[in-house]
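Reviewing the structure listed below.
The values are calculated or read from the model by the stated rules, or taken from the named source; none is laboratory data. This is a predicted model, so every value here is computed, not measured. Glycine gets a Cβ as well: all are built from the backbone with ideal geometry, and neighbour counts include every protein chain shown.
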Amino acid sequence: MAQQNIRLSLSLANGNLILEALAERPFKQVFELIGELNQQASSLFSPSAQGHELAVFTLSPNQLRLILEVLGEMPYNRVHRLLQNMHQQLQEATTGV
């Protein structure tokens, strides 16, 4: 059975926080995901985008798993809102709310 991609609405600021967390991992583990996120962000955000602007990113389950792992290694006070928001979006997607 094919794994379904996950769509998450992220702000530019939250995307930057995810990239910051990924940068703490060895390059070999994260370079593909960083490239994918940068490519999506470039096509979704204008060059003059503000940090609060939102866009929908498409992630594979493995990419989401890695993002959650690296965010879990960041200080709670920096990531808790992002994690709560991602959790809410995932719940809404699975329950159809």
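Annotations
- Flag for Leu19 being within 14 Å of Asn85 (Cβ to Cβ) and part of a helix (DSSP H, G or I): no
- Residues in segment 50-79 that are of a type in the set (A, V, I, L, M) and closer than 19 Å to Arg7 by Cβ: Leu54, Ala55, Val56, Leu59, Leu64, Leu66, Ile67, Leu68, Leu71.
Conditions tested, residue by residue: (1) under 14 Å from Ala21 (Cα atoms); (2) at pLDDT below 95; (3) among the hydrophobic types (A, V, I, L, M, F, W, C); (4) in contact with a strand residue (DSSP E or B) (Cβ under 9 Å, 6 or more places away or on another chain).
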site	(1), (2), (3), (4)
Glu36	no, no, no, yes
Phe45	no, yes, yes, yes
Gly51	no, yes, no, yes
Gln63	yes, no, no, yes
Arg78	yes, no, no, no
Leu83	yes, no, yes, no
Glu92	no, yes, no, no
Thr95	no, yes, no, no
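- Of the residues in segment 33-42, at least one is among the small types (Gly, Ala, Ser), assigned to a helix (DSSP H, G or I) and exposed (fewer than 11 other Cβ atoms within 10 Å of the Cβ).
- Top-ranked residue in segment 43-68 [being surrounded by fewer than 15 Cβ atoms within 10 Å (Cβ to Cβ) and in contact with a Lys or Arg (Cβ under 9 Å, 6 or more places away or on another chain); ranked as farthest from Gly15 (Cα to Cα)]: Thr58
- For segment 43-62, filtered to residues that are in a helix (DSSP H, G or I) and not hydrophobic (A, V, I, L, M, F, W, C), the residue that is farthest from His80 (Cα to Cα) is Ser43.
- Members of segment 69-92 that are surrounded by 11 or more Cβ atoms within 10 Å (Cβ to Cβ), over 12 Å from Leu8 (Cα atoms) and free of Cβ contacts under 8 Å to residues at least 12 places away in the same chain: Glu69, Gly72, His80, Arg81
- When segment 1-32 is limited to residues that are within 26 Å of Gln91 (Cα to Cα) and polar (S, T, N, Q), the one that is surrounded by the most Cβ atoms within 10 Å (Cβ to Cβ) turns out to be Asn14.
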